[in-house]
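Shown next, in structure tokens, is the structure this report addresses.
The values are calculated or read from the model by the stated rules, or taken from the named source; none is laboratory data. It should be emphasised that the depicted structure is a prediction, and the values quoted were computed from it without experimental measurement. We place every Cβ from the backbone using ideal geometry, glycine too, and count neighbours over all the protein chains shown. SASA here: full protein model, heavy atoms, side chains in, ligands and nucleic acids out. Shrake-Rupley method; radii C 1.70, N 1.55, O 1.52, S 1.80 Å.
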Amino acid sequence: MDGVSFGIAYLANESDAVAPDASNSMTQGWFGADTRFRLPVQLAWQSKDKKWLASANYAFERGNNSMGQVGTQLALTPFMYASLNEANQLGVTIAHQIGNDFSVTAAYGHGAVKARFNNSVLGVKMTSAGDLAQLNSWMLALNFNNLFIKGNSAGIGVGGVPALQTNRSSWNSDAAMPIALETWYQFQLSDNISFTTGIFYISATANSDGLGAGSSWGA
């Protein structure tokens, strides 16, 4: 189909895949019951004039939660231990080239993480098999070419960092979704040399008990 593409992949944790008999208590290898792996699928479409691009993404992941890699600690490990994670991740992206020098991109992501096993800490049951935790994220970005000076470019992006919205286990969820903001400007000094300046800001993160880190910024 013209303008439509499809992709699928399988990525296994290297140490698991090459050691199917790593121990008596774990079944590993490429498709073992304890193998950490990720199975991503993507369907994408681009218009004939190349001005519109859209994609839908799905990934099944066991033993990790890659969607939370760029989010809060609770989004990464909602049940405290990554080995308990079994995640279904969904995402959609749409981009539009409005003019020769301006484009906009928007994206949304959702993850549902299920606990694989029961878990206790000092005899206190914290997680039951089947407990569900859910996280969300979003992003909006603007990109400018030839801004102020021909050949220079700039961009600004704002989004909600992947954060744990609900958690049916006894572990916490995030009190609010942190907001990230970044802006940059690229000076094209020559055909092969450029210099980019930028500023970023991430709002404070806290869990449902009110504990967490403060805001961060940098340049």
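Tabulated data
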quantity: Near pairs, Cβ below 9 angstrom, 6+ apart or cross-chain, from region 191-202 (under 8 Å from G218 (Cα atoms)) to any residue that is among the aliphatic types (A, V, I, L, M) and modelled with pLDDT of 90 or more; calculated: I199/L181; F200/A180; F200/L181; Y201/I179; Y201/A180; Y201/L181
quantity: Single residue of region 33-73 satisfying the filter (of a type in the set (A, V, I, L, M, F, W, C) and modelled with pLDDT under 90) that is most open to solvent (accessible area, probe 1.4 Å); calculated: V70
quantity: Residue list for region 84-132, filter: among the small types (G, A, S) and either assigned to a strand (DSSP E or B) or within 13 Å of the chain's Cα centre (by Cα) (or both); calculated: A87, G91, A95, G99, S103, A106, A107, G109, G111, A112, A115, S120
quantity: Pairs, first within 27 Å of W52 (Cβ to Cβ) in region 78-97, second modelled with pLDDT under 90 and part of a helix (DSSP H, G or I), C-beta under 9 Å, six or more apart; calculated: Q89/S66; Q89/M67; G91/M67
quantity: A141 vs. criteria at pLDDT 90 or above and within 23 Å of S203 (Cα to Cα); calculated: yes
quantity: First in region 1-26 and farther than 23 Å from S66 by Cβ, second anywhere and modelled with pLDDT of 75 or more and open to solvent by less than 60 Å² (accessible area, probe 1.4 Å), Cβ under 8 Å, 6 or more apart; calculated: G3/S47; V4/A44
quantity: Matching residues, region 47-83, being part of a strand (DSSP E or B) and closer than 12 Å to G111 by Cα; calculated: N57, Y58, A59, F60, E61
quantity: Residue in region 115-129 that is open to solvent by 30 Å² or more (accessible area, probe 1.4 Å) and modelled with pLDDT of 95 or more present; calculated: no
